[in-house]
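Q: Structure provided below as structure tokens; questions to follow.
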Amino acid sequence: MAPEGDDMSCDCCGGGAWNPLFVENGVHLGQCPDCALLFVDDIPAPTARMTEMEEGHYAGTQQINPADRQSSSELIMRERFQGFVDLARRHRDAGRWLDVGCGGGLLMTLARDGGYTVEGIELSADRRRLTETATGATVHGVPLEDVGYPDDSFDVVSLINVFSHLISPTRTFAELHRILRPGGIVVMATGEFTPGVQQGDMLHWNLGDHLFFLGEGTIDRYAEKTGFTVAHHHRRWLPDEMFSREWLRVKGRSGAKNAVKTTIDRTPGGLALLRTVMLRRQADSSAHSGVFVLTPTG
Ligand SMILES: [Zn+2]
């Protein structure tokens, strides 16, 4: 079975095969048998995508998290975000840092405080305003490829939980390669799946908002194709990372679920019990949280 649409060959390897997995939000997810890239059967046109992000929805009726909730979620993620700045510093310790999909601006703030000169891209107008207020830095409201940066513009470009939202990762990696200075780096965090993917591996896939996920070895194929070397790659089993104190305190779209999380957070031993139950329930999950540093080859 091949994906529908005009040009639905695999974004990573160019193959034409697509093995269907499951449907969520009326959107089909499948996997390339060659490079293991997971992708949906209906990649939106860039203009439609822009309109959706500006208006704060996707896949017809699904709402993205409002800017204020996004911002409070980021504060709880402070330690994780500081980890990205520390990781970047080990490879490139100063210069211009571009955060693609900067959300409420926490990573930009931490990078700026770490001595980098920061700039952002954020398609959601609400989040963009938050970041501009928080950082005083330039934040563009168009996709990376449309900004028109000169060659060799940045020392660090970060894409934290952005890969899944891209219209064409190949096109984005090519643009990153062009705008990075020699010895510059891409810092990227996104979902990565070992073989045997099933719908139950994630509580929510948010298909329609999320269009792509990395499979086993996919990042190496992308790197080779677009002229990068994978300088750093670590991943953590997602259920282990997810069911944490931070997760209990992050507010999502559902008020009922938020209330349950607050109750568990305030109950002595609640988190330990939750982890016992959920890690057992998710024991077969192929989902991992991957962190990568890519640097242009040669
Ligand atoms: Zn492929």
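Q: Hey, in the GNM for the chain with a 10 angstrom Cα cutoff, which one of E132, E24, E52 fluctuates hardest?
A: In the Gaussian network model the winner is E24.
Q: Next question, about the same structure. For every helix of n ≥ 4 consecutive DSSP H residues, a contribution of -39,500 (n - 2.57) applies; sum these over the chain, divide by its total residues, and give [θ] at 222 nm rounded to the nearest 500 deg cm²/dmol.
A: Details: 12 runs with 111 residues, N = 298.
When only DSSP H runs of four or more count, the value is -10500 deg cm²/dmol.
Q: So for segment 146-267, taking the charge dipole from beta-carbon charges (+1 Lys/Arg, -1 Asp/Glu), which of T262, A223, H234 sits furthest toward the positive end?
A: Value computed over the given set: T262.
Q: Here's another thing I want to ask about it. Net charge near T138: determine it from the other residues with C-beta under 10 Å of the C-beta of T138, scoring Lys and Arg +1 and Asp and Glu -1.
A: Values: positive: none; negative: E119, E132.
That works out to -2.
Q: What are the radius of gyration and Dmax of segment 118-163, computed over its Cα atoms and given in Å?
A: Rg then Dmax for segment 118-163, in Å: 10.9, 30.
Q: Something else about it: Determine the principal axes of the Cα atoms in the chain, then give the extent along each, sorted from largest to smallest and rounded to whole angstroms.
A: For the chain, the Cα spread along each principal axis is 51, 48, 35 Å.
Q: Using a Förster distance of 45 Å, how high is the FRET efficiency between A259 and E224, based on the Cβ-Cβ distance and rounded to 0.05? If you can, show how the numbers build up before the last one.
A: Working: r = 47 Å, r/R0 = 1.05.
According to the calculation, E is roughly 0.45.
Q: For segment 131-268, report the % of Cα-Cα distances exceeding 26 Å. Spell out each step's value before the answer.
A: Details: 3707 of 9453 pairs.
Value for segment 131-268 (Cα pairs over 26 Å): 39 percent.
Q: Starting from 0.36 nm per residue, how many nanometres of slack lie between V277 and D151 once their C-alpha separation is accounted for? Present the calculation step by step, with values, prior to reporting the outcome.
A: Numbers: separation 126, 0.36 × 126 = 45.36 nm, distance 5.05 nm.
Answer, rounded to one decimal: 40.3 nm.
Q: Plugging the Kirkwood radius over Cα pairs into Stokes-Einstein for segment 240-281, at a temperature of 25 °C and a viscosity of 0.890 mPa s, what D comes out in µm²/s? Before the final figure, lay out each step's value.
A: Numbers: Rh = 10.4 Å.
Result for D is 235 µm²/s.
Q: So, R0 is 30 Å and r is the distance between the beta-carbons of A94 and E246; what FRET efficiency does that work out to, to 0.05?
A: Values: r = 29 Å, r/R0 = 0.97.
The value I calculate is 0.55.
Q: So, one more: Taking 0.36 nm per residue of sequence separation and subtracting the Cα-Cα distance, how much length would be gained by fully extending the chain between E216 and T47, in nm to one decimal?
A: Values: separation 169, 0.36 × 169 = 60.84 nm, distance 3.09 nm.
The span from E216 to T47 would gain 57.7 nm if fully extended.
Q: To the nearest 20 debye, what is the magnitude of the charge dipole of segment 203-298 about its Cα centre, counting +1 on the Cβ of each Lys and Arg and -1 on the Cβ of each Asp and Glu?
A: Numbers: 14 positive and 9 negative charges, 107 e Å.
Computed charge dipole of segment 203-298: roughly 520 debye.
Q: Please report, in debye to the nearest 20, how large the charge dipole of the chain is about its Cα centre when each Lys and Arg carries +1 at its beta carbon and each Asp and Glu carries -1 there. Can you show the working numbers first?
A: Details: 29 positive and 39 negative charges, 268 e Å.
Taking the Cα centre of the chain as origin, the dipole is about 1280 debye.
Q: Between H204 and A17, what is 0.36 nm times their sequence separation minus the Cα-Cα distance? Round to one decimal in nm. If you can, show how the numbers build up before the last one.
A: On the way: separation 187, 0.36 × 187 = 67.32 nm, distance 2.52 nm.
That pair, H204 and A17, stretches by 64.8 nm at full extension.
Rule-based calculations on the coordinates, nothing more; no lab input. Model, not experiment: these values are computed from the prediction. Note that we place each Cβ from the backbone using ideal geometry, even for glycine, and neighbour counts take in every protein chain shown.
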